[in-house]
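Beneath this line is the structure, given in structure tokens, with notes to follow.
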Amino acid sequence: MSEIKNVVFDVGRVLIDFCYVDFFNLLRQRGAEIVDEEDFSAQVGLIGYECGEISNSEFLNRVNELMNDPLPDDQLVAAWNSLFTSVPAMLNFAKGLKAYCRVYLLSNTSALHWEYLQQQFSLHQYCHDLLASYQVGYMKPAAEIFTAAAEQFNIDPEATVFVDDKQENVAGALACGWNGIWHRDRMETTKRLRELTGRDV
């Protein structure tokens, strides 16, 4: 393994947690029939939205079409952006790591969420650069998003480790010549990153 000089973090459920419960409850109170995240994604075309194939307004229209009592756009945007809570220990670790090596963020997400996350959690202070799927037109684990990230971040895949909570996304990175950590436990992830970077953050 080459010396690790770059760490690329996924955002959701690594640095920032999220939960759909309250959002789905609000939609159900207004007549929406939603089983779970997968069902909601299929009904509104979330994958297409997170690949940049549909606009913010089209996405909001699709969500409102699920309800008998639609919400004004500003209220729906606020509800859609209310899913997130920070993971302070991981954010602080990323910020500490940034002092010693290059740190980047790579996320499968939509335009509304990406703008909100950057504003609400000041993501730039934790990394040198960041990239979202909707900007690229591809989602992890597709090779194209890792290629785009490597080009934008100007990184050598062999000197890079990717951290994600989904095993299939880590596998996608490995297939592109990156190193990878499947994030399941904060202590284990930070331990592995300290070992790989040689930094006692």
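The values are calculated or read from the model by the stated rules, or taken from the named source; none is laboratory data. In this text the structure is predicted, and so the values were computed from the model without any measurement. Quick reminder, even Gly has a Cβ in these numbers, built from the backbone with ideal geometry, and neighbours come from all protein chains shown.
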> Out of segment 132-185, which residues are over 20 Å from residue 13 (Cα atoms), touching a residue at least 60 places away in the same chain (Cβ under 8 Å), in a loop (DSSP other than H, G, I, E, B) and not β-branched (Val, Ile, Thr)?
Replying inline: 137, 156, 178
> Limited to segment 186-196, what total is found for residues that are in contact with a strand residue (DSSP E or B) (Cβ under 9 Å, 6 or more places away or on another chain) and either surrounded by fewer than 19 Cβ atoms within 10 Å (Cβ to Cβ) or not in a helix (DSSP H, G or I) (or both)?
Replying inline: 3
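Could you please let me know if residue 98 is in contact with a Gly (Cβ under 7 Å, 6 or more places away or on another chain) and modelled with pLDDT of 95 or more?
So residue 98 fails the test.
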>> For a quick check of your reading of the model, give me the residue pairs whose first member lies in segment 85-114 and is basic (Lys, Arg), whose second is part of a helix (DSSP H, G or I), with beta-carbon atoms closer than 9 Å and at least 6 apart or on different chains.
In response: 95/125; 95/126; 98/125; 98/126; 102/153
> Just checking, how many residues over segment 47-66 are surrounded by 18 or more Cβ atoms within 10 Å (Cβ to Cβ) and either in contact (Cβ under 8 Å) with a residue 12 or more places away in the chain or under 14 Å from residue 24 (Cα atoms) (or both)?
Replying inline: 7
> Within segment 10-57, can you find the residues that are of a type in the set (Ser, Thr, Tyr), part of a loop (DSSP other than H, G, I, E, B) and more than 23 Å from residue 87 (Cβ to Cβ)?
Replying inline: 55
> Which ones in segment 68-89 are among the aliphatic types (A, V, I, L, M) and either assigned to a helix (DSSP H, G or I) or in contact with a helix residue (DSSP H, G or I) (Cβ under 6 Å, 6 or more places away or on another chain) (or both)?
Replying inline: 76, 77, 78, 79, 83, 89
> Would segment 125-133 turn up any residue that is more than 17 Å from the chain's Cα centre (by Cα) and either surrounded by fewer than 21 Cβ atoms within 10 Å (Cβ to Cβ) or among the acidic types (Asp, Glu) (or both)?
Replying inline: no
> If you go through segment 98-113, how many residues are assigned to a loop (DSSP other than H, G, I, E, B) and within 27 Å of residue 55 (Cβ to Cβ)?
Replying inline: 3
